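Have a look at the structure below before the remarks.
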Amino acid sequence: MSEIIRFGVSLEKDLLQRFDRLIREKRYTSRSEAIRDLIRQEMIKKEWEEGGQVAGAITFIYDHHKRNLLNRIMDLQHDYNKIIVSTQHIHLDHNNCLEVVAVRGTAGEVLELADALKALKGVRHGTLSMTGVEKDTG
Ligand code: NI
């Protein structure tokens with residue numbers, strides 16, 4: 001872990017009060033923790049804009065009786081095989097399947113696949129969670 005540096009921040013009283021309210025709502029334990037998170041978020045956003053690598057998961061539910069939909073989901077996953085690390089299929093109940101697609105690639109590619117899957121008619125509760133990853137140096 002790298003060295004921790006303390007630094008002072010000056011800001012308007014109003015802004016600080018609003019920030020403290022936000023911190024409470026988001027249940028941060030300290031201002032430092034909240035500021036660290038904000039800085040990290042901005043860094044990740046910048047990496048994404050510059051085509052940096054991200055890793056994440058696309059999660060969605062669909063009716064497995066719709067065979068045509070099943071084929072389209074499969075086709076899409078083959079189209080994007082370069083960024084798909086693994087796919088986990090869970091048979092939720094008689095009708096519903098849950099799929100978790102682990103992905104790694106540029107933010108643009110990952111967003112494209114997530115949007116395409118979510119846009120399929122019959123795909124429900126599609127969500128994408130992703131985070132920045134550092135380039136592999138090894
Ligand atoms: Ni299933």
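The values are calculated or read from the model by the stated rules, or taken from the named source; none is laboratory data. The model shown is predicted, which means the values in this text are computed figures rather than measured ones. Here the Cβ is made from the backbone with ideal geometry for all residues, glycine too, and neighbour counts use every protein chain on show. Accessible surface areas use protein heavy atoms only, side chains included; no ligands, DNA or RNA. Shrake-Rupley method; radii C 1.70, N 1.55, O 1.52, S 1.80 Å.
What are the GluC sites (Glu not before Pro) within region 3-58 that DSSP puts in a loop, where the Cβ has at most 10 other Cβ atoms within 10 Å? For GluC sites (Glu not before Pro) across region 3-58 that sit outside H, G, I, E and B with at most 10 neighbouring Cβ atoms in 10 Å, the list reads Glu3, Glu12, Glu50. Rounded to two decimals, the Cα-based Rg/Rh of region 1-106, with Kirkwood Rh, is 1.18.
Does anyone have the angle between helix 67-79 and the longest principal axis of the chain? Alpha-carbon axes, 0 to 90°, nearest 10? The answer is roughly 60 degrees.
Accessible surface area normalised per residue over the chain is 75 Å², counting heavy atoms of protein chains with a 1.4 Å rolling probe. Could you tell me the distance between the Cα centroids of region 30-76 and region 78-138, to the nearest Å? That distance is 8 Å.
Rolling a 1.4 angstrom probe over the chain with all protein chains present gives an accessible area of which 51% lies on carbon and sulfur atoms. Against the chain, whose longest principal axis comes from its Cα atoms, helix 107-119 is set at around 50 degrees. Helical runs (DSSP H, four residues minimum) scored at -39500 (n - 2.57) apiece and divided by the length of the chain put the mean residue ellipticity at 222 nm at -13500 deg cm²/dmol.
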